[in-house]
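The values are calculated or read from the model by the stated rules, or taken from the named source; none is laboratory data. Every value quoted in this text rests on a predicted model; they were computed, and no experiment measured them. When we count neighbours, we look across all protein chains shown, and the Cβ atoms used for this are built from the backbone with ideal geometry, even at glycine. To get the accessible areas, we keep the full protein, side chains included, count just its heavy atoms, and leave off ligands, DNA and RNA. Shrake-Rupley method; radii C 1.70, N 1.55, O 1.52, S 1.80 Å.
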Amino acid sequence: TELTREDVADYGLEIQWFDSHLGRMLAELKKRGELLNTIVVVTADNGMAFPRAKANNYEYGVHMPLIIAWPKGIEAGERRLDDFVSLIDLAPTFLEAADLTPPAMMTAQSLMEIFFSGDDPVGRPAAFIAMERHDGCRKGGKGYPCRAIRTEDYLYIHTFEPTRWPSG
């Protein structure tokens, strides 16, 4: 439909806007002499605003793009890996990059092993996903609790309160 085409075009414009600003940020880091020792992470938050994408546990709501560059720390060149990671893994990664030890209570895993693994998968067998709420659309602000496990071959989603519609 015309409305769908407009939504997709708007989404493309948002990506173009982001790309232009990312280019400006990288240029500024280079101008300041900080680019080589800066870990640049490019990702998305929770999917595009289309059905079975944004704010749910289906593939396009949790499988986000993730690009990481760190010229001083990661070998130059393009690699495409299919390892499972979570954005919570960024915190211990940044701490390790700063030669700090992540606190023992931190359950996330540093991505350093992936950075230096070449093309070999590190072996994380799954990603664990959770959602409680995306907005206050339900009377009383009740959540829509879901949990999911994503493996290489399967996506299992368990919805604890399926009667709480809409989901997000």
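What to note about this one:
- Total residues in region 37-65 satisfying the condition of being open to solvent by 60 Å² or more (accessible area, probe 1.4 Å) and more than 13 Å from the chain's Cα centre (by Cα): the figure is 5.
Each row is one residue, and each column tells you yes or no for (1) modelled with pLDDT of 90 or more; (2) touching a Phe, Trp or Tyr at 6+ places or on another chain (Cβ under 7 Å); (3) of a type in the set (A, V, I, L, M).
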| site | (1), (2), (3) |
| --- | --- |
| 17 | yes, no, no |
| 25 | yes, no, yes |
| 48 | no, yes, yes |
| 58 | no, no, no |
| 79 | no, no, no |
| 85 | no, no, yes |
| 91 | yes, no, yes |
| 114 | no, no, yes |
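- Taking region 66-112 as the range and being touching a strand residue (DSSP E or B) at 6+ places or on another chain (Cβ under 6 Å) and either open to solvent by 80 Å² or more (accessible area, probe 1.4 Å) or over 19 Å from residue 44 (Cβ atoms) (or both) as the test, only 67 passes.
- Among the residues of region 1-36, those identified as in a loop (DSSP other than H, G, I, E, B) and either among the aromatic types (Phe, Trp, Tyr) or open to solvent by 90 Å² or more (accessible area, probe 1.4 Å) (or both) are 1, 32, 34, 36.
- Residues located in region 140-159, provided they are among the hydroxyl-bearing types (Ser, Thr, Tyr) and assigned to a loop (DSSP other than H, G, I, E, B): 144, 151, 154
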